[in-house]
Every structure is written in C-alpha cells, then in structure tokens.
1. Quick one: would you say Asn42 is under 17 Å from His144 (Cβ atoms), in contact with a Gly (Cβ under 7 Å, 6 or more places away or on another chain) and either among the charged types (D, E, K, R) or at pLDDT 95 or above (or both)?
2. Residue under question is Tyr87, and the condition is that it be among the aromatic types (Phe, Trp, Tyr) and touching an Asp or Glu at 6+ places or on another chain (Cβ under 8 Å); does it hold?
3. Looking at Phe63, Phe57, Phe47 in this structure, which one is over 17 Å from Leu145 (Cα atoms) and at pLDDT 95 or above?
4. Which residues, counting only those in segment 64-98, are open to solvent by 70 Å² or more (accessible area, probe 1.4 Å) and among the hydrophobic types (A, V, I, L, M, F, W, C)?
5. What are the pairs, 6+ residues apart or on separate chains, where a residue within segment 41-59 that is more than 14 Å from Ile80 (Cβ to Cβ) and open to solvent by less than 20 Å² (accessible area, probe 1.4 Å) has its Cβ under 6 Å from a residue that is modelled with pLDDT of 95 or more and hydrophobic (A, V, I, L, M, F, W, C)?
6. What are the residues in segment 1-25 that are at pLDDT below 95 and among the charged types (D, E, K, R), if any?
7. Mind checking which residues of segment 99-120 are touching a helix residue (DSSP H, G or I) at 6+ places or on another chain (Cβ under 9 Å) and loosely packed, with under 12 Cβ neighbours inside 10 Å?
8. Report yes if Ser69 is polar (S, T, N, Q), under 14 Å from the mean Cα position of the chain (by Cα) and under 30 Å from Leu118 (Cα atoms), otherwise no.
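The values are calculated or read from the model by the stated rules, or taken from the named source; none is laboratory data. Just so it is clear, the model here is predicted, and its values are computed rather than measured. Ideal geometry is used to build each Cβ from the backbone, glycine not excepted, and the neighbour counts take in all protein chains shown. Areas reflect the complete protein model, heavy atoms only, side chains present, ligands, DNA and RNA absent. Shrake-Rupley method; radii C 1.70, N 1.55, O 1.52, S 1.80 Å.
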Amino acid sequence: MNTTSNKMLIDSIRSQTEVLLKNLDDQIDAADLNVQIDALPNWRYLFHTIHSLDKNFINPDNFTEPDISVCGADPALSIIDEKRPGYRQAPEIRMTREQLAHYASAVRIKIESYLASLDDSMLAEKAAGCQFTRLTLILGQFRHLMWHMGLSSGLTVQEGKQWPEYTGLF
C-alpha cells in the first residue's frame, strides 16, 4: 500500500478532529458556564467533556490524570453522575473560561500528536491493553463531545443567549 492511501482515513479523521475541537473552543468561548442542569453548572459538563477527550480519545487504559495546573481543577470534578464513585457536587468551586480553554488546548496538542503518529492500518488495532480499537475510541469521543456540546448550547439558548457558533461539513 502506498503512503498516500495509508494515511487517507487518518487525514480525514485529523481534519474532522480539527473541526470538532474548533466547535469545542467556540462552545468554551460562548456558552453560559453557570446555567445549571441537575444542580450542576454547565462548566462541569464542559470540563467533563474535555477530560473525557483527554482520557478516552487515545487509550483509557493507559491514562494518567493530569495535574491541576494543566486541567484547571481536580480531575474528579469531571464526574457528573451522582451514582458514580468519586462524585462531589462542590458548588463552592468555579472554573473560568480561561481554565477550560487552557485544558482544551493541552488536550488538543496531545490529540494532534497522537493522530500524527497513526496510519490507516492502526485504526483497526486495539490500543495497548484496551478492549477497543483506536477507531472505536475516536468515534466514541466524537459522539460524546457532540452530545455534550448540544446540551451546553441548549442550556445557553434557554437562558436567552445566542447559540454558540457551530462549524460542520456544510
């Protein structure tokens, strides 16, 4: 297989990941961070989304929690379901747009480096020690991120603010 066709799918994933992460940046810039759903502020859902990208896009079974200086808050605050171990409501804690943007930027760099290391044949392989293929992990995070960005957009509009910008194929 020649080099061009061996990177065709990865190139497509890379360009769509760029669009996906632009949408995340736009959401961080425009969303109402303090509007609540299920007694949690929207920033928690965005933090959860970024943390999930950080943990699950590459290999959840080979992940080290980031330092607070990188992610802006205790990584346990990414747990948004009270039924999950480690959940804390923590109403006294607030994250800023700058903290969310800083973490998203660090995750972007990590993902871009990872995608640059792959070729198409590696997509069907399982990440080391992981039960899922690389493609499954990537697609799972695309779905997860878009679900949470839709939630965040809906919460923002519900508060009478404009829809955050959306970038797509068309």
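1. Against the criterion (under 17 Å from His144 (Cβ atoms), in contact with a Gly (Cβ under 7 Å, 6 or more places away or on another chain) and either among the charged types (D, E, K, R) or at pLDDT 95 or above (or both)), Asn42 does not qualify.
2. Against the criterion (among the aromatic types (Phe, Trp, Tyr) and touching an Asp or Glu at 6+ places or on another chain (Cβ under 8 Å)), Tyr87 qualifies.
3. Criteria check complete, one pass: Phe63.
4. Matches in segment 64-98: Ile68 only.
5. From segment 41-59, the pairs are Leu53/Val107; Asp54/Val107; Phe57/Ile111; Asn59/Cys130.
6. Lys7
7. Ala116
8. Judged against the criteria, Ser69 is not a match.
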